[in-house]
Amino acid sequence: MIEILSVTGPASIQDLGRFDQYRFGVGTSGAMDDVALRAGNILLGNDENAAAVEIPIMPFRLRFDRNIAFALTGAAVEAEIAGRAIPPWWRSYARAGDILNIKAMSHGARSYLAVGGGIDVPMVLGSRSTQFRGEFGGLHGRPLQVGDILPCATSTAAIGEFGIEPAGITLARPNAAADESIVRVIVAGEYDAFEATAQELFWSSSWTITPQSNRYGYRLQGPAVKPKAPVEKRSHGIVPGVIQIPPNGQPIIQMRDAQTSGGYPKIATVIGADLWRVGQARLGGKLRFEQTAYTDALAAEDDMSAYLDRLRTNMRLVEEAGTCR
Amino acid sequence: MPIETTDIARLAQILENSGVDTIEIEEPGLTLKLVVDTRSRIAASASPAAATAPVADHFVMAKADVAGHFRAAHPWQDKPFVAPGQRIEAGATLGLVKIGLLYAPVVAPTAGIVDAVIAETGAMVGYGTPIVRILPLAASDPLN
Amino acid sequence: MMVPDRPRISLLGTSALLFEAPGAFDLPHQRRIWALAATASKWTDIREAVPGITNLMLTFETPPRQLDALIAALNDAWDTAEGLAIGGREIRLPVTYGGEIGSQLQSVADHCSLSIDDVVAIHAAPLYTVFALGSHPGYCYLGGMDPRITMPRRQTPLQRSAGGSVSIGGSQTGVSASPGPSGWHAIGHTSWTFFDPSWPTPAALVPGDTIRFVIERVIR
């Protein structure tokens, strides 16, 4: 078990998401940085879909009530377990009574705390992710509070301490500046409803991530991008990554807790391989969009899969070496 | 066929005896690279006096236990894990050895004061390569 | 160039595809969408076929390598789709129009150059059909609204609108099942449970069910 001692922002329990409930109006939820969640689970030998704690704002403190292996991935954080510093993307262990103190976040927007065996909240509609709008999943369908007790599954994970290369280093994009993320997008249904000049504005602008950005969506600020004529669509399904342009011309990127449908015109969609980069982009930071063809987007997903495959292979070598000792 | 620890020990012995400093074995799904740290061997044979110098007796060496590239700092952190003069606890992380995507920690074998970080960031290190020289706490602070 | 009588198919990144039927926002078109959804949901690599308002979203198990084949299959299936008539239940929903939650009732009346009583009467007159579920858990998109009370969506969506809001967005109407962000205009509210994750089927209504709004009260 884990007891939450201090929590600052809307921390929540997330797995990879709830992907087959759209027909009931239920969105995916799930980790905003799915690569970090998978990596944390790989580090611990967990099922990659095991639930973890997503922490968007520091400080965050908790106590472990038994000996347990854990991993911190995602954003770069300054963290200590029982007073020992933990580097980023690191697997460590706690003894019963140890306090984990995540003090600050130097870059990135969300840290993931995975534990050996996973956070053992009930599966609801096929997932342990928190569905805020529906108030189910995770822990009572709500953000974590001080005093919450999180059940942990039992695990036989080894307690060796080591780290892995963060996805942000292995999968770094060329030309990305500090505090500006470049994300690849595929144009969407209403792209042609915008004049060439408006399209150009969309591509050339460095968009500011406003404070109204969260797990529901990233609201961006920049020059107004307006269609040739107002577009009023019939409501249709949308997925995380869809970039809508409401009438004020300021793009909204739909994220994991987004509505499952909408009617604002869609100019583009962030590709699956880059959605985690948006999830790690900080409020006040910048985003730039790069047009990508569908086949290139699939190749980018292959690169992401290759990174995760290498992690799995590397971890197997560690396990084999460990069992030899 | 997985490589057994005994095989690795035998390979290391062969390297040691033959004076070869690196061997790499590749199999599907597995790469094994053994690096023998020849510097310590050379140092030991070239200047036996240094090994018995009175000051050296007090130091304890934190050594790499895997082969890879040494990093004094995590790539996401500006500050190195430790600096000379810093007091450390036994088990503290002193640096990293990067091997593939893995970052293996170099761990302090004892509490003490960091005397020097010997390995350079980016350098190839092997099993047993000295990384950080530590003045053990008992020797540096007899009152403790 | 727009070819008005052919469906439009567009990508939603690498995880889904959107099929938009040509023609009117009416029950015959929606019945063909239901039929298409039933067909496409059986295809390999398709995780879910999700009906919208005269459109259909297909989410992918894994992104298909051959998009052309999928698009051709969708077009063929649409051309041969017979309307699927679903005989649903009829639900009577008591609605309080206006008031704090339905604060946009006056704006809709102004926008449509109608009186509040007209808007309420026009809104409560039809027997609405549940065309699709979407937006948030248990939310139903309804077909059958009188176009006289059409009002475009908000310039900037609201961060929070109350649960049970009866709202108008463009030429559509619906009832929110829980509080959350919305780009629609709330004209009233109802208290009814649309969704419970512990039910065998978590949503109370399914496409094909019908709803009749019963005017419980009008707050001016």
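The values are calculated or read from the model by the stated rules, or taken from the named source; none is laboratory data. Everything quoted here is computed from the prediction, not taken from an experiment. As a convention, Cβ positions derive from the backbone with ideal geometry for all residues, glycine included, and neighbour counts pool all protein chains shown.
A quick yes/no check of all residues on (1) more than 18 Å from residue C:9 (Cα to Cα); (2) not in a loop (DSSP other than H, G, I, E, B):
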{"position": "C:48", "(1), (2)": "no, yes"}
{"position": "C:62", "(1), (2)": "yes, no"}
{"position": "C:73", "(1), (2)": "no, yes"}
{"position": "C:78", "(1), (2)": "no, yes"}
{"position": "C:83", "(1), (2)": "yes, no"}
{"position": "C:94", "(1), (2)": "yes, yes"}
{"position": "C:106", "(1), (2)": "yes, yes"}
{"position": "C:121", "(1), (2)": "yes, yes"}
{"position": "C:153", "(1), (2)": "yes, no"}
* Filter pass, residue C:130 being part of a helix (DSSP H, G or I) and in contact with a strand residue (DSSP E or B) (Cβ under 7 Å, 6 or more places away or on another chain) -> no
* For segment C:115-122, does any single residue satisfy the condition of being in contact with a helix residue (DSSP H, G or I) (Cβ under 7 Å, 6 or more places away or on another chain), crowded, with 21+ Cβ neighbours inside 10 Å, at pLDDT 95 or above and over 21 Å from residue C:48 (Cβ atoms)? -> yes
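Residue-wise test of (1) in contact with a strand residue (DSSP E or B) (Cβ under 8 Å, 6 or more places away or on another chain); (2) closer than 28 Å to residue C:139 by Cβ.
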| position | (1), (2) |
| --- | --- |
| A:161 | yes, no |
| A:205 | yes, no |
| A:224 | no, no |
| A:234 | yes, yes |
| A:240 | yes, yes |
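Looking at segment C:194-213 only, could you name the residues that are assigned to a loop (DSSP other than H, G, I, E, B) and within 12 Å of chain A (Cβ to nearest Cβ)?
Correct list: C:194, C:196, C:197, C:198, C:199, C:200, C:201, C:202, C:204, C:205, C:206, C:207.
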* Unique match (being among the small types (Gly, Ala, Ser), surrounded by fewer than 16 Cβ atoms within 10 Å (Cβ to Cβ) and touching a Ser or Thr at 6+ places or on another chain (Cβ under 8 Å)) among C:83, C:102, C:88 -> C:88
* Among (1) more than 14 Å from chain A (Cβ to nearest Cβ); (2) assigned to a loop (DSSP other than H, G, I, E, B); (3) of a type in the set (Asp, Glu), the one test that residue B:115 misses -> (2)
* Structure fact -> Out of (1) buried (at least 23 other Cβ atoms within 10 Å of the Cβ); (2) within 24 Å of residue A:38 (Cβ to Cβ); (3) over 21 Å from the mean Cα position of the chain (by Cα), the one residue A:317 does not meet is (1)
* Asked: Among the residues of segment C:49-72, is there at least one that is surrounded by 13 or more Cβ atoms within 10 Å (Cβ to Cβ), more than 14 Å from chain A (Cβ to nearest Cβ) and free of Cβ contacts under 8 Å to residues at least 60 places away in the same chain?
  -> no
* Asked: If we only count strands (runs of 3 or more DSSP E) wholly inside segment A:136-217, which ones have 2 or more residues that are touching an Asp or Glu at 6+ places or on another chain (Cβ under 7 Å) and surrounded by 14 or more Cβ atoms within 10 Å (Cβ to Cβ)?
  -> A:180-187
* residue C:16 within 11 Å of chain A (Cβ to nearest Cβ), among the aliphatic types (A, V, I, L, M), closer than 26 Å to residue A:268 by Cβ and in contact with a strand residue (DSSP E or B) (Cβ under 8 Å, 6 or more places away or on another chain) -> yes
* **All positions within segment C:127-186 that are within 9 Å of chain A (Cβ to nearest Cβ), among the small types (Gly, Ala, Ser) and within 23 Å of residue C:111 (Cβ to Cβ)** => C:135, C:169, C:170, C:171, C:174, C:182, C:183
* Asked: Listed residues A:317, A:298, A:311; which is at pLDDT below 95 and within 7 Å of another protein chain (Cβ to nearest Cβ)?
  -> A:317
